[in-house]
Amino acid sequence: MKTINRRTALAATAAAALIPGAARAQAWPNKPIRWVVPYTAGGLTDVTTRLTLEKMNIGQTFVVDNKPGANSLIGAEIVANAAPDGYTFLTVIAAHAANKTLYAGKLKFDPVKGFEPVSLVGVAPLIITVTNDLPVKNVGELIAYAKKNPGKISFGSSGVGAAAHLTSELMKQVTGTDMVHVPYKGTAPALADLAAGNIQMLIDAPIGVMAQVRAGKIRALAMLSKNRVPGVEEVPTIVESGGPLIESSTWVMFLAPAGTPKDIVDKMSTEVGRALKDEALRKRLAEQAVIPVGATPADTGKFLQTEIDKWEKVITTAGVKPDA
(Lines give C-alpha, C1' and ligand atoms only; values in the text may rest on other atoms or scores of the structure.)
Protein backbone atom coordinates (compact mmCIF):
# COMPACT_ATOMS: atom_id res chain seq x y z
CA MET A 1 0.00 0.00 0.00
CA LYS A 2 2.85 2.37 0.84
CA THR A 3 4.49 1.66 -2.54
CA ILE A 4 1.23 2.25 -4.41
CA ASN A 5 0.57 5.47 -2.51
CA ARG A 6 4.07 6.72 -3.23
CA ARG A 7 3.69 6.02 -6.95
CA THR A 8 0.29 7.66 -6.98
CA ALA A 9 1.70 10.72 -5.26
CA LEU A 10 4.58 10.99 -7.74
CA ALA A 11 2.19 10.70 -10.68
CA ALA A 12 -0.04 13.38 -9.19
CA THR A 13 2.95 15.68 -8.71
CA ALA A 14 4.05 15.18 -12.32
CA ALA A 15 0.55 15.85 -13.58
CA ALA A 16 0.30 18.98 -11.47
CA ALA A 17 3.46 20.32 -13.08
CA LEU A 18 1.70 20.24 -16.42
CA ILE A 19 -1.40 22.08 -15.25
CA PRO A 20 -0.24 25.71 -15.64
CA GLY A 21 0.40 25.42 -19.40
CA ALA A 22 -2.70 23.36 -19.99
CA ALA A 23 -4.82 25.67 -17.88
CA ARG A 24 -3.55 28.69 -19.81
CA ALA A 25 -4.37 27.06 -23.12
CA GLN A 26 -7.86 26.20 -21.93
CA ALA A 27 -8.48 29.55 -20.29
CA TRP A 28 -7.25 31.83 -23.07
CA PRO A 29 -9.01 33.91 -24.05
CA ASN A 30 -11.34 34.60 -21.14
CA LYS A 31 -11.80 38.35 -21.72
CA PRO A 32 -11.92 40.78 -24.66
CA ILE A 33 -8.68 41.33 -26.59
CA ARG A 34 -7.32 44.81 -27.18
CA TRP A 35 -6.13 45.44 -30.71
CA VAL A 36 -4.04 48.59 -31.14
CA VAL A 37 -4.10 50.26 -34.56
CA PRO A 38 -1.53 53.10 -34.62
CA TYR A 39 -3.47 55.08 -37.23
CA THR A 40 -6.78 56.93 -37.41
CA ALA A 41 -10.04 55.10 -38.01
CA GLY A 42 -11.20 54.69 -41.60
CA GLY A 43 -7.82 54.33 -43.31
CA LEU A 44 -6.35 51.25 -44.99
CA THR A 45 -4.73 49.93 -41.80
CA ASP A 46 -7.84 50.35 -39.70
CA VAL A 47 -10.28 49.01 -42.29
CA THR A 48 -8.19 45.93 -43.11
CA THR A 49 -7.76 45.16 -39.42
CA ARG A 50 -11.47 45.45 -38.65
CA LEU A 51 -12.55 43.43 -41.69
CA THR A 52 -10.17 40.62 -40.74
CA LEU A 53 -11.04 40.59 -37.04
CA GLU A 54 -14.75 40.39 -37.92
CA LYS A 55 -14.11 37.03 -39.58
CA MET A 56 -11.94 35.62 -36.79
CA ASN A 57 -13.49 33.44 -34.11
CA ILE A 58 -11.55 32.76 -30.93
CA GLY A 59 -14.43 32.91 -28.49
CA GLN A 60 -13.94 36.54 -27.43
CA THR A 61 -14.52 39.99 -28.86
CA PHE A 62 -11.81 42.28 -30.20
CA VAL A 63 -11.69 45.89 -29.07
CA VAL A 64 -9.93 48.05 -31.68
CA ASP A 65 -8.02 50.91 -30.08
CA ASN A 66 -6.83 53.59 -32.52
CA LYS A 67 -3.65 55.26 -31.25
CA PRO A 68 -2.36 57.43 -34.13
CA GLY A 69 0.73 59.61 -34.09
CA ALA A 70 4.48 59.79 -34.65
CA ASN A 71 4.52 57.58 -37.75
CA SER A 72 2.94 54.69 -35.75
CA LEU A 73 5.48 54.90 -32.90
CA ILE A 74 2.92 55.79 -30.22
CA GLY A 75 0.77 52.73 -30.75
CA ALA A 76 3.73 50.41 -31.29
CA GLU A 77 5.34 51.50 -28.02
CA ILE A 78 2.12 50.83 -26.13
CA VAL A 79 2.05 47.24 -27.36
CA ALA A 80 5.79 46.70 -26.92
CA ASN A 81 5.33 47.57 -23.24
CA ALA A 82 2.12 45.57 -22.77
CA ALA A 83 1.96 42.34 -20.79
CA PRO A 84 2.69 39.38 -23.11
CA ASP A 85 -0.42 37.52 -22.01
CA GLY A 86 -2.31 37.27 -25.30
CA TYR A 87 -4.67 40.14 -24.58
CA THR A 88 -2.90 42.90 -26.54
CA PHE A 89 -2.02 42.86 -30.23
CA LEU A 90 -0.82 45.40 -32.81
CA THR A 91 -1.35 46.14 -36.47
CA VAL A 92 1.60 47.64 -38.37
CA ILE A 93 2.31 48.64 -41.95
CA ALA A 94 5.45 49.35 -44.00
CA ALA A 95 6.35 52.38 -41.86
CA HIS A 96 7.12 49.97 -39.01
CA ALA A 97 9.96 48.47 -41.05
CA ALA A 98 11.28 51.89 -42.05
CA ASN A 99 11.17 53.19 -38.48
CA LYS A 100 13.96 50.86 -37.39
CA THR A 101 16.39 52.80 -39.59
CA LEU A 102 14.64 56.16 -39.63
CA TYR A 103 14.66 56.48 -35.83
CA ALA A 104 17.78 54.43 -35.10
CA GLY A 105 19.06 55.21 -31.60
CA LYS A 106 15.90 57.09 -30.67
CA LEU A 107 13.32 54.32 -30.31
CA LYS A 108 12.20 53.16 -26.88
CA PHE A 109 11.53 49.69 -28.27
CA ASP A 110 12.98 47.39 -30.91
CA PRO A 111 10.68 46.98 -33.94
CA VAL A 112 11.82 43.36 -34.26
CA LYS A 113 12.84 42.12 -30.80
CA GLY A 114 9.98 43.96 -29.11
CA PHE A 115 7.34 41.81 -30.82
CA GLU A 116 6.29 38.32 -31.83
CA PRO A 117 5.23 38.09 -35.49
CA VAL A 118 1.71 36.72 -35.84
CA SER A 119 0.70 37.02 -39.49
CA LEU A 120 1.19 39.05 -42.65
CA VAL A 121 -2.46 39.76 -43.38
CA GLY A 122 -2.26 41.40 -46.78
CA VAL A 123 -0.22 43.41 -49.25
CA ALA A 124 -1.40 46.58 -51.01
CA PRO A 125 0.79 47.51 -54.01
CA LEU A 126 1.20 51.25 -54.44
CA ILE A 127 0.02 53.30 -57.39
CA ILE A 128 1.70 56.17 -59.27
CA THR A 129 -0.65 59.09 -59.88
CA VAL A 130 0.01 62.47 -61.50
CA THR A 131 -1.77 65.77 -61.95
CA ASN A 132 -3.77 66.13 -65.14
CA ASP A 133 -1.59 69.07 -66.21
CA LEU A 134 1.60 67.00 -66.37
CA PRO A 135 2.30 66.22 -70.06
CA VAL A 136 2.89 62.48 -69.61
CA LYS A 137 0.64 59.49 -70.33
CA ASN A 138 2.72 56.63 -68.88
CA VAL A 139 5.69 55.90 -66.66
CA GLY A 140 8.13 55.84 -69.56
CA GLU A 141 7.15 59.41 -70.46
CA LEU A 142 7.23 60.43 -66.78
CA ILE A 143 10.82 59.27 -66.43
CA ALA A 144 11.85 60.99 -69.67
CA TYR A 145 10.16 64.23 -68.59
CA ALA A 146 11.81 64.10 -65.15
CA LYS A 147 15.23 63.62 -66.70
CA LYS A 148 14.72 66.57 -69.06
CA ASN A 149 13.38 68.74 -66.24
CA PRO A 150 15.43 67.93 -63.11
CA GLY A 151 13.91 69.30 -59.92
CA LYS A 152 10.71 70.47 -61.63
CA ILE A 153 8.53 67.56 -60.54
CA SER A 154 7.36 67.75 -56.94
CA PHE A 155 5.97 64.62 -55.34
CA GLY A 156 3.81 64.55 -52.26
CA SER A 157 3.59 62.00 -49.48
CA SER A 158 1.62 61.39 -46.31
CA GLY A 159 4.74 62.19 -44.30
CA VAL A 160 8.49 61.63 -43.98
CA GLY A 161 9.25 57.92 -43.80
CA ALA A 162 5.83 56.80 -45.04
CA ALA A 163 5.70 54.12 -47.72
CA ALA A 164 4.60 56.80 -50.21
CA HIS A 165 7.69 58.88 -49.49
CA LEU A 166 10.23 56.06 -49.46
CA THR A 167 8.80 54.46 -52.59
CA SER A 168 9.18 57.77 -54.42
CA GLU A 169 12.79 57.93 -53.23
CA LEU A 170 13.28 54.37 -54.46
CA MET A 171 11.88 55.34 -57.85
CA LYS A 172 14.28 58.29 -58.04
CA GLN A 173 17.21 56.00 -57.24
CA VAL A 174 16.24 53.31 -59.76
CA THR A 175 15.47 55.75 -62.60
CA GLY A 176 18.20 58.31 -61.91
CA THR A 177 15.78 61.21 -61.73
CA ASP A 178 15.71 64.35 -59.59
CA MET A 179 12.33 65.11 -58.03
CA VAL A 180 11.45 67.19 -54.98
CA HIS A 181 9.67 65.80 -51.92
CA VAL A 182 6.81 67.76 -50.36
CA PRO A 183 5.62 66.05 -47.14
CA TYR A 184 2.06 66.46 -45.87
CA LYS A 185 0.26 65.44 -42.71
CA GLY A 186 -1.67 62.63 -44.34
CA THR A 187 -2.73 61.54 -47.81
CA ALA A 188 -5.83 63.77 -48.03
CA PRO A 189 -4.03 67.15 -48.20
CA ALA A 190 -1.42 65.74 -50.58
CA LEU A 191 -4.18 64.43 -52.83
CA ALA A 192 -5.96 67.80 -52.77
CA ASP A 193 -2.79 69.57 -53.86
CA LEU A 194 -2.21 66.98 -56.61
CA ALA A 195 -5.71 67.57 -58.00
CA ALA A 196 -5.09 71.33 -57.83
CA GLY A 197 -1.78 70.99 -59.69
CA ASN A 198 0.34 72.26 -56.80
CA ILE A 199 2.39 69.07 -56.87
CA GLN A 200 2.87 66.82 -59.89
CA MET A 201 3.08 63.25 -58.52
CA LEU A 202 1.79 61.17 -55.64
CA ILE A 203 2.53 57.53 -54.94
CA ASP A 204 0.15 55.99 -52.43
CA ALA A 205 -2.19 53.08 -51.76
CA PRO A 206 -5.08 52.82 -54.25
CA ILE A 207 -7.71 53.06 -51.49
CA GLY A 208 -6.76 56.68 -50.94
CA VAL A 209 -6.63 57.89 -54.55
CA MET A 210 -8.79 55.78 -56.87
CA ALA A 211 -11.95 57.79 -56.26
CA GLN A 212 -10.17 60.86 -57.63
CA VAL A 213 -8.71 58.86 -60.53
CA ARG A 214 -12.12 57.49 -61.51
CA ALA A 215 -13.62 60.96 -61.23
CA GLY A 216 -11.03 62.22 -63.73
CA LYS A 217 -9.44 64.67 -61.30
CA ILE A 218 -5.99 63.01 -61.47
CA ARG A 219 -4.40 60.31 -63.65
CA ALA A 220 -3.16 56.87 -62.66
CA LEU A 221 -0.05 55.79 -64.53
CA ALA A 222 0.83 52.42 -63.05
CA MET A 223 0.79 49.96 -60.17
CA LEU A 224 4.14 49.20 -58.57
CA SER A 225 3.60 45.49 -58.95
CA LYS A 226 4.53 42.59 -61.20
CA ASN A 227 0.90 41.72 -61.95
CA ARG A 228 -2.30 43.73 -62.18
CA VAL A 229 -4.06 44.11 -58.85
CA PRO A 230 -7.62 42.96 -58.08
CA GLY A 231 -9.87 45.93 -57.48
CA VAL A 232 -7.84 48.20 -59.78
CA GLU A 233 -7.43 45.96 -62.80
CA GLU A 234 -7.78 48.93 -65.16
CA VAL A 235 -4.41 50.33 -64.00
CA PRO A 236 -1.39 48.80 -65.82
CA THR A 237 1.70 47.48 -64.07
CA ILE A 238 4.78 49.70 -64.10
CA VAL A 239 6.40 47.52 -66.78
CA GLU A 240 3.27 47.72 -68.95
CA SER A 241 3.45 51.49 -68.50
CA GLY A 242 6.99 51.67 -69.89
CA GLY A 243 8.95 51.72 -66.64
CA PRO A 244 11.42 49.37 -64.93
CA LEU A 245 10.13 46.66 -62.60
CA ILE A 246 9.83 48.36 -59.23
CA GLU A 247 7.71 46.50 -56.70
CA SER A 248 6.60 48.41 -53.65
CA SER A 249 3.65 48.20 -51.35
CA THR A 250 2.29 48.98 -48.01
CA TRP A 251 1.13 45.95 -46.10
CA VAL A 252 -0.81 44.99 -43.01
CA MET A 253 0.85 42.83 -40.37
CA PHE A 254 -0.30 41.56 -36.98
CA LEU A 255 2.18 41.48 -34.08
CA ALA A 256 2.08 40.58 -30.38
CA PRO A 257 4.31 41.76 -27.52
CA ALA A 258 7.59 39.86 -27.23
CA GLY A 259 7.21 36.90 -24.92
CA THR A 260 3.60 36.15 -25.81
CA PRO A 261 3.25 32.33 -25.48
CA LYS A 262 3.87 30.46 -28.72
CA ASP A 263 0.64 28.49 -28.48
CA ILE A 264 -1.36 31.73 -28.36
CA VAL A 265 0.59 33.27 -31.26
CA ASP A 266 0.18 30.12 -33.33
CA LYS A 267 -3.54 29.91 -32.58
CA MET A 268 -4.06 33.53 -33.55
CA SER A 269 -2.03 33.12 -36.74
CA THR A 270 -3.98 30.03 -37.73
CA GLU A 271 -7.25 31.88 -37.17
CA VAL A 272 -6.07 34.78 -39.37
CA GLY A 273 -5.26 32.31 -42.13
CA ARG A 274 -8.68 30.68 -41.79
CA ALA A 275 -10.44 34.06 -41.87
CA LEU A 276 -8.60 35.12 -45.03
CA LYS A 277 -10.03 32.14 -46.91
CA ASP A 278 -13.52 33.60 -46.50
CA GLU A 279 -14.77 34.69 -49.92
CA ALA A 280 -16.75 37.63 -48.55
CA LEU A 281 -13.65 38.94 -46.78
CA ARG A 282 -11.50 38.46 -49.87
CA LYS A 283 -14.02 40.44 -51.89
CA ARG A 284 -14.00 43.27 -49.34
CA LEU A 285 -10.20 43.33 -49.33
CA ALA A 286 -10.14 43.45 -53.13
CA GLU A 287 -12.28 46.59 -52.89
CA GLN A 288 -9.41 48.10 -50.90
CA ALA A 289 -6.87 46.73 -53.47
CA VAL A 290 -5.41 44.53 -50.72
CA ILE A 291 -4.10 41.09 -51.70
CA PRO A 292 -4.73 38.64 -48.80
CA VAL A 293 -1.76 36.59 -47.56
CA GLY A 294 -2.11 34.94 -44.15
CA ALA A 295 1.53 33.99 -43.51
CA THR A 296 2.83 31.87 -40.64
CA PRO A 297 4.65 33.58 -37.75
CA ALA A 298 8.01 32.39 -39.12
CA ASP A 299 7.34 33.63 -42.64
CA THR A 300 5.95 36.90 -41.27
CA GLY A 301 9.18 37.48 -39.35
CA LYS A 302 11.24 36.82 -42.47
CA PHE A 303 9.11 39.21 -44.52
CA LEU A 304 9.51 41.95 -41.91
CA GLN A 305 13.30 41.59 -41.90
CA THR A 306 13.39 41.72 -45.71
CA GLU A 307 11.39 44.97 -45.63
CA ILE A 308 13.67 46.45 -42.96
CA ASP A 309 16.74 45.69 -45.09
CA LYS A 310 15.08 47.10 -48.23
CA TRP A 311 14.09 50.41 -46.67
CA GLU A 312 17.36 50.78 -44.78
CA LYS A 313 19.15 50.94 -48.12
CA VAL A 314 16.71 53.47 -49.55
CA ILE A 315 16.78 55.69 -46.43
CA THR A 316 20.56 55.62 -46.19
CA THR A 317 21.09 56.34 -49.89
CA ALA A 318 18.57 59.20 -49.92
CA GLY A 319 19.73 60.61 -46.59
CA VAL A 320 16.18 60.68 -45.27
CA LYS A 321 15.86 62.22 -41.83
CA PRO A 322 12.73 62.07 -39.65
CA ASP A 323 10.74 65.18 -38.85
CA ALA A 324 12.00 66.92 -35.73
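The values are calculated or read from the model by the stated rules, or taken from the named source; none is laboratory data. Values in this document were obtained by computation on a predicted structure and should not be read as measured data. Positions of Cβ are backbone-derived with ideal geometry, glycine not excepted, and every protein chain shown enters the neighbour counts. In case anyone asks, the SASA skips ligands and DNA or RNA and just uses the protein heavy atoms, side chains included. Shrake-Rupley method; radii C 1.70, N 1.55, O 1.52, S 1.80 Å.
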- [ ] Kindly list the number of the only condition in (1) open to solvent by 20 Å² or more (accessible area, probe 1.4 Å); (2) β-branched (Val, Ile, Thr); (3) touching a Pro at 6+ places or on another chain (Cβ under 7 Å) that fails for VAL47.
- [x] (3)
Open item on the list: Against the definition (out of contact with any Cys (no Cβ under 6 Å at 6 or more places or on another chain) and open to solvent by 30 Å² or more (accessible area, probe 1.4 Å)), how does ASN57 come out, yes or no?
Closed with: yes
Task: Count of residues meeting criterion [out of contact with any helix residue (DSSP H, G or I) (no Cβ under 8 Å at 6 or more places or on another chain) and either open to solvent by less than 20 Å² (accessible area, probe 1.4 Å) or among the β-branched types (Val, Ile, Thr) (or both)] in the range 162-185 - done: 6
TODO: Test ILE246 against the stated conditions and say whether it is out of contact with any strand residue (DSSP E or B) (no Cβ under 6 Å at 6 or more places or on another chain) and hydrophobic (A, V, I, L, M, F, W, C).
DONE: yes
Open item on the list: Out of everything in the range 295-324 that is among the hydroxyl-bearing types (Ser, Thr, Tyr) and touching a residue at least 12 places away in the same chain (Cβ under 8 Å), what residue ends up being least open to solvent (accessible area, probe 1.4 Å)?
Closed with: THR300
- [ ] Tell me which of these GLY86 doesn't satisfy, since it passes every other one: (1) more than 24 Å from ARG282 (Cβ to Cβ); (2) of a type in the set (Gly, Ala, Ser); (3) outside any loop (DSSP other than H, G, I, E, B).
- [x] (3)
Open item on the list: Quick check on this structure: which one of VAL79, VAL64, VAL47 is over 19 Å from LEU304 (Cβ atoms) and more than 15 Å from the chain's Cα centre (by Cα)?
Closed with: VAL64
Open item on the list: Please go through the range 186-228 and give me each residue that is buried (at least 21 other Cβ atoms within 10 Å of the Cβ) and assigned to a loop (DSSP other than H, G, I, E, B), ordered by number.
Closed with: ILE199, GLN200, ALA205, LEU224, SER225
Task: Given (1) in contact with a Ser or Thr (Cβ under 6 Å, 6 or more places away or on another chain); (2) over 16 Å from LEU304 (Cβ atoms); (3) hydroxyl-bearing (Ser, Thr, Tyr), number of the condition THR131 does not satisfy - done: (1)
Open item on the list: Which numbered condition in (1) in a helix (DSSP H, G or I); (2) within 16 Å of LEU166 (Cα to Cα) is the only one that ILE78 fails?
Closed with: (2)
- [ ] Return the only residue of GLY259, GLY242, GLY273 being within 17 Å of the chain's Cα centre (by Cα), surrounded by fewer than 19 Cβ atoms within 10 Å (Cβ to Cβ) and in contact (Cβ under 8 Å) with a residue 60 or more places away in the chain.
- [x] GLY273
TODO: Could you check LYS267 against (1) touching a residue at least 12 places away in the same chain (Cβ under 8 Å); (2) assigned to a loop (DSSP other than H, G, I, E, B); (3) open to solvent by 50 Å² or more (accessible area, probe 1.4 Å) and say which number it fails?
DONE: (2)
Open item on the list: Given (1) more than 24 Å from LEU170 (Cβ to Cβ); (2) at pLDDT 95 or above; (3) not β-branched (Val, Ile, Thr), identify the lone condition not met by GLU287.
Closed with: (2)
TODO: Would you check which residues across the range 108-131 are among the β-branched types (Val, Ile, Thr), open to solvent by 10 Å² or more (accessible area, probe 1.4 Å) and in contact with a Gly (Cβ under 9 Å, 6 or more places away or on another chain) and list them?
DONE: VAL112
